[in-house]
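As structure tokens, the structure follows; a few thoughts come after it.
Where a number appears in this text, it was derived from the coordinates with a stated rule and is not lab data. Because the structure is predicted, anything quoted here is derived from the model rather than measured. Virtual Cβ from ideal backbone geometry, glycine too; neighbours counted across all protein chains shown.
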Amino acid sequence: MAQTATKVQDMTFPTTVAGDPKSVIINYADERAGVFTINGTLGSLFQTRVVQTSVDMIYGSYAVTASNFVTNPSSGTFGKSPITVRIGATATIESGDNYGGVTYSGTPTFEVVYIK
Amino acid sequence: MKRMFFSLLVMIFGAGALNANMMIAPTKMEAKLDRTRTESFILVNKYKEPAKIEILAVPENNFVSVPLIKDGFAKYDLSPYMKVSPKVVKLQPEKGRTIRVSVVPTKELKAEPGDYVARVLFKTLERNLTPKKQKEKAETVSMKINFLFNVTIPAYGTVGSGQPALKAYCFTENKKPVVGLINTAAFRYEGNAEFYNVSDDTTKVTKLFTTDMSVFREASRTYEVESKGALNTKDKYTLKLINGTDPKTQKAYTFTCSFKDSKNMFLEAVEKAGEELKAKKVKKS
């Protein structure tokens, strides 16, 4: 039996005004959430998580922090159909984050743990 | 804005992530540790772009949040005895590669019978991508998360042969029935679990569910019972565990359970498990 893990979609935060301090939350159910599909042996258990507590989304020498990663489901049992795992997170923009007109990007690691 | 001291190269090319779609087979490694053992895994890149993947042997307890009875779990770590080859592979789309994982047991390891465990970690590696032309207005920012991803699978090694020593207990948690397993032996339990209601009419046994369960050596674990209806806390239930898949060595254990509705049932059940519930070997049907 083979097991597969496939990235369906990365996470994209909504466009935000530079220098306006706020937390931008992407719920795991949001259409902008990160999405993976995983499958494995029928009846076997799995866990999912994002390895890092927080990551910097970077443009050149500038950065905005993303944190509070939530995976759903965070654990479960493989059935006959692939399981869709969605990932939410929070971007924290501070008042000094006023370098606009660019895209900040970060690279956290989504992890699938096949148990047993 | 946090100033980051990244290289000019990163500023020019930006930071990107490597997309990938990994397929791995088989799904776990099991090795008898009487001599050096090698198992081959097939790793396939099912994504439309090239993928660079690192393969590592790592300790189990970095990943799984299973409560353990004993401290010193590191002494059951198999990863120091494992060798992976190749350690990094670059795969074109739809191309695969055989990964060999060897376990080389030492004299000291072979002198301690029991099960050992580690994980094989398949880790996508980052690369730099040319940034897309910026279209945002000067006063706005866009933010994107490009996920890398890891997949880990279990690797077991066994010195000698033996059976688990199991205890089971039952309780409710958030009004949901839960079965707990405790294994006090050096050999893990891994097999089938069948759950019956026998208390209302012993001539008419009702099978409630069948599932896989496992618990490592000297460890405990809980499973939520997937019951269609609410379980009666006054009824008696039977849990039948069948260790292994080989008919020659397969053994079965039965336990009697009753689900008590108590918030503190977990700790109470753990403390009393050894007194209230005794495993007995039963004949295979």
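Data for the structure
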{"quantity": "Amide hydrogen neighbours beyond the local backbone of residue A:43, cut-off 5 Å, H modeled", "calculated": "A:78, A:79"}
{"quantity": "Loop-resident sites, segment A:1-98, for trypsin sites (Lys or Arg not before Pro), counting at most 13 other Cβ within 10 Å (DSSP)", "calculated": "A:80"}
{"quantity": "Residue-by-residue Karplus 3J(HN,Hα) for segment B:143-159, coefficients 6.51, -1.76, 1.60, Hz, glycine and proline x", "calculated": "9, 9, 10, 9, 7, 7, 8, 10, 10, 10, 10, x, 10, 10, x, 10, 9"}
{"quantity": "Charge sum, other residues only, whose C-beta stays under 12 Å from residue B:82's C-beta, Lys/Arg counted +1 and Asp/Glu -1", "calculated": "+2"}
{"quantity": "Segment A:1-59 versus segment B:78-121: alpha-carbon centroid distance in Å", "calculated": "29 Å"}
{"quantity": "Farthest positive-ward along segment A:4-114 dipole, Cα basis, beta-carbon charges - from A:76, A:62, A:90", "calculated": "A:76"}
{"quantity": "Flagged links, alpha-carbon separation over 32 Å, of B:28/B:107; B:46/B:240; B:87/B:248; A:7/B:107; A:7/B:28; A:80/B:52", "calculated": "B:46/B:240; B:87/B:248; A:7/B:107"}
{"quantity": "Whole-Hz couplings from phi, Karplus 6.51/-1.76/1.60, listed for segment B:45-51; x for Gly and Pro", "calculated": "8, 8, 8, 7, 10, x, 10"}
{"quantity": "Phi to ³J(HN,Hα) by Karplus 6.51 cos²θ - 1.76 cosθ + 1.60 over segment A:13-27, Hz, x for Gly, Pro", "calculated": "7, x, 4, 10, 6, 5, x, 9, x, 6, 9, 9, 9, 10, 6"}
{"quantity": "Those GluC sites (Glu not before Pro) in segment A:22-116 that DSSP places in a loop and that have at most 14 other beta carbons within 10 Å", "calculated": "A:31, A:94"}
